[in-house]
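Below: the structure, in structure tokens.
The values are calculated or read from the model by the stated rules, or taken from the named source; none is laboratory data. Predicted model, so just to flag it, every value in this text is computed and none were measured. Here the Cβ positions follow ideal geometry from the backbone for every residue, glycine too, while neighbour counts run over all protein chains shown. To get the accessible areas, we keep the full protein, side chains included, count just its heavy atoms, and leave off ligands, DNA and RNA. Shrake-Rupley method; radii C 1.70, N 1.55, O 1.52, S 1.80 Å.
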Amino acid sequence: MKELEYPFDSNYIMKKARSIKKALLSDGSDRIHKKIAVLGGSTTHDIIKVLELFLLNYGIEPEFYESEYGQYWQDAMFGQELSQFAPDIIFIHTSNRNITDYPTMDDDASSVESKLDKTYEHFETMWKKLIDTYHCPIIQNNFEAPFYRLMGNRDFFDIHGRLSFINRLNERFAQFARKAADDSVSFFINDINYLSSCYGLDEWSDPLTWHMYKYALCIPAIPSLSFNVANIIKSIYGKNKKGLVLDLDNTLWGGVVGDDGVDGIEIGQETNLGQVYSEFQSYVKMQKDIGVLLTIDSKNEEENAMAGLSHPDGILKPDDFVAIRANWEPKSENLKSIAKELNILPDSLVFVDDNPAERAIIEGQIKGAAVPEIDSPEHYIRILDHSGFFEATAVSEDDRKRNEMYIANKKRTQAEESFADYGEYLTSLEMEAEISPFEKLYIPRIAQLTNKSNQFNLTTKRYSPDDIERVAEDPDHITLYGRLKDKFGDNGIVSLIAGSIKGDELHIDLWLMSCRVLKRDMEFAMMDVLHAKALEKGIKTIYGYYYPTAKNKMVKDFYTLQGFEKIAEDADGNATYKFEITTDYKNKNSHIKVTVK
């Protein structure tokens, strides 16, 4: 919904929340249901009301638990109702109003340090309790700066300053978050320190709003806060976008390369505008480091486009892009073509174009694709950055190499065209797979894959890192991850299976595969290892389940192709399959060398 995309009108959202919710619920979208507990150190009612709108817009239907005013600690440590609610996510909305023991000018260094330790331990104790009890993702606000500085600028560095105290607390919070990430614990910081700075601290920390309503931020800032929390949640559940589709002329550089020539476009340090475009290109290039796919969709002669991208002062070069469409076809058709080439859905892309007419066409033709309203080039970075399309709750090694993986896929496609026999082509790839039970090292990537994969995903169940760790450690589960590499490169972890053992039966809760390795027999290699593991554990029958969604129709017949028998199907297309374990099973994979741990 356009009203909920950045930059949004906060006052409009606050006034029209009820009608916006009604419109969202009536749009027929498929949504996942998640239970979200909001534990507040201040009033949270309107925050929840607006957070619900952003989540519905992201395809998540939330059910909320709201603590009583200021009871975040009591609910976290002793809350029976919270336990009965069984949250999928916990959001702790505290602020500097919840710091009760600031340093005074009479405190010596030891006393200040003691107050810092005590305040931090208050939160750390709560986090550890929640992590041990609920095993779900936790989102914790850090602290905004105080709305006054007693000592002026000295407040920043003097040990007695509130600003100094808050900055040190925020660093302690950051250290806990870094350690949690290293330990595969789902703990995330909602950075209200940055949000309040962007918004304007004087307005954000309006004392009147606090004293009248006990909101720790001004009412108009609530949508900004809720939007930021929604971005963290949608990232946890795999609702991020996957790639940028970029125009060239007046988007990546100033001017029109076909008219002005390569020497006439503005890029580099010679002009003010050229510097603006260089900074934007640098920002776009950094997106590759967190796994964002970069593509081009430009109305241009290909020769001119490549010349512009090869400009000596340009930051981005042709090799930075996994797909380039420079032609005179409709940009909507080019975008669909790019998505097909990359084996992703068009709605997972963000279209960036300075031309409002082109943006309107994409909005009308490509349902679900993000089309930010960019205006002048000096605002491009802010609009893309604040929109939260690529909120990074985790960044794996596979993410960092994603563009390289897709470029390697191009080479595989080119190699395929030189073979008349597909089996010979598969053999030529010299594929090697590592298939093993879930390992702690890979838990973040495994959880990420369960939340991102929509097309080749039989049940589309979503798992947090804590869920994955529980399943991996449960002896009544069989888990497998598959990692595939070939002569062109390493694809990383591309396939997952998780099933629960009930007597002599195995019920498959999760089977998915990355679409970038389609038709390479990886699914058969996974089936072969699954059968062997089931046989080892005395399993006699494997049951598989297919739950149709708008995005996973491509795997409707997957279990049949694996040799399963369909035994049930309801009116909605939810189907159950079974496979009898036998000692004379013949491996289906003949092209991949498999190592099993």
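Name the helices (runs of 4 or more DSSP H) wholly inside region 151-267 in which the number of residues that are farther than 20 Å from Ile89 by Cα is 3 or more.
Values: elements: 162-182, 192-199, 201-204, 207-213, 222-236, 257-260.
The qualifying helices (runs of 4 or more DSSP H) are 162-182, 192-199, 201-204, 207-213, 257-260.
Looking for whichever is within 24 Å of Asp9 (Cα to Cα), modelled with pLDDT of 95 or more and of a type in the set (Gly, Ala, Ser) here; the options are Ala326, Ala369. Which one fits?
Values: Ala326 fails: within 24 Å of Asp9 (Cα to Cα).
On inspection, the qualifying residue turns out to be Ala369.
Take the residues in region 563-577 that are touching a strand residue (DSSP E or B) at 6+ places or on another chain (Cβ under 6 Å) and either open to solvent by 60 Å² or more (accessible area, probe 1.4 Å) or among the acidic types (Asp, Glu) (or both); name whichever of them is nearest to Lys537 (Cα to Cα).
Glu565
Based on what the data block shows, is Glu505 open to solvent by 50 Å² or more (accessible area, probe 1.4 Å), without any contact (Cβ under 8 Å) to a residue 24 or more places away in the chain and more than 27 Å from the chain's Cα centre (by Cα)?
Details: open to solvent by 50 Å² or more (accessible area, probe 1.4 Å): yes; without any contact (Cβ under 8 Å) to a residue 24 or more places away in the chain: no; more than 27 Å from the chain's Cα centre (by Cα): yes.
Considered against the rule, which asks whether it is open to solvent by 50 Å² or more (accessible area, probe 1.4 Å), without any contact (Cβ under 8 Å) to a residue 24 or more places away in the chain and more than 27 Å from the chain's Cα centre (by Cα), Glu505 comes out as no.
Name the single residue, out of those in region 284-303 being hydrophobic (A, V, I, L, M, F, W, C) and part of a helix (DSSP H, G or I), that is surrounded by the fewest Cβ atoms within 10 Å (Cβ to Cβ).
Met286
Of all residues being under 13 Å from Leu130 (Cβ atoms) and not in a helix (DSSP H, G or I) in region 68-87, which is most open to solvent (accessible area, probe 1.4 Å)? Just the residue, please.
So the residue we want is Ala86.
Say we look at region 304-319 and pick out the residues that are buried (at least 19 other Cβ atoms within 10 Å of the Cβ) and in a helix (DSSP H, G or I); which of these is farthest from the chain's Cα centre (by Cα)?
So the residue we want is Asn304.
Hey, Ala177 hits all of (1) under 25 Å from Pro62 (Cβ atoms); (2) in contact with a helix residue (DSSP H, G or I) (Cβ under 8 Å, 6 or more places away or on another chain) but one; which does it fall short on?
Among (1) under 25 Å from Pro62 (Cβ atoms); (2) in contact with a helix residue (DSSP H, G or I) (Cβ under 8 Å, 6 or more places away or on another chain), the lone unmet condition for Ala177 is (2).
Name the helices (runs of 4 or more DSSP H) wholly within region 376-445 that hold at least 2 residues that are under 13 Å from Gly492 (Cβ atoms)? Reasoning before the result, please.
Details: elements: 380-387, 397-400, 402-416, 422-428.
Because the criterion is at least 2 residues that are under 13 Å from Gly492 (Cβ atoms), the helices (runs of 4 or more DSSP H) in region 376-445 that meet it are 397-400, 402-416.
Just checking, does region 400-413 include any residue being buried (at least 19 other Cβ atoms within 10 Å of the Cβ) and either over 26 Å from Lys519 (Cβ atoms) or modelled with pLDDT of 90 or more (or both)?
Scanning region 400-413, I find no residue that is buried (at least 19 other Cβ atoms within 10 Å of the Cβ) and either over 26 Å from Lys519 (Cβ atoms) or modelled with pLDDT of 90 or more (or both), so the answer is no.
Within region 1-49, can you find the residues that are among the polar types (S, T, N, Q) and in contact with a Pro (Cβ under 9 Å, 6 or more places away or on another chain)? Working first, answer last.
Just the residues of region 1-49 that are among the polar types (S, T, N, Q), to begin with: 10-11, 19, 26, 29, 42-44.
Ser10, Asn11 - these are the residues of region 1-49 that are among the polar types (S, T, N, Q) and in contact with a Pro (Cβ under 9 Å, 6 or more places away or on another chain).
Is at least one residue of region 39-62 more than 21 Å from the chain's Cα centre (by Cα), over 26 Å from Leu195 (Cα atoms) and open to solvent by 50 Å² or more (accessible area, probe 1.4 Å)?
No: zero hits.
Looking at Ile508, Ile497, Ile501, can you tell me which residue is in contact with a helix residue (DSSP H, G or I) (Cβ under 8 Å, 6 or more places away or on another chain) and not polar (S, T, N, Q)?
On the way: Ile508 fails: in contact with a helix residue (DSSP H, G or I) (Cβ under 8 Å, 6 or more places away or on another chain); Ile501 fails: in contact with a helix residue (DSSP H, G or I) (Cβ under 8 Å, 6 or more places away or on another chain).
When all the criteria are applied, what remains is Ile497.
Identify, by number, the condition in (1) over 30 Å from the mean Cα position of the chain (by Cα); (2) more than 20 Å from Ile478 (Cβ to Cβ); (3) of a type in the set (Gly, Ala, Ser) that Gly573 doesn't meet.
(1)
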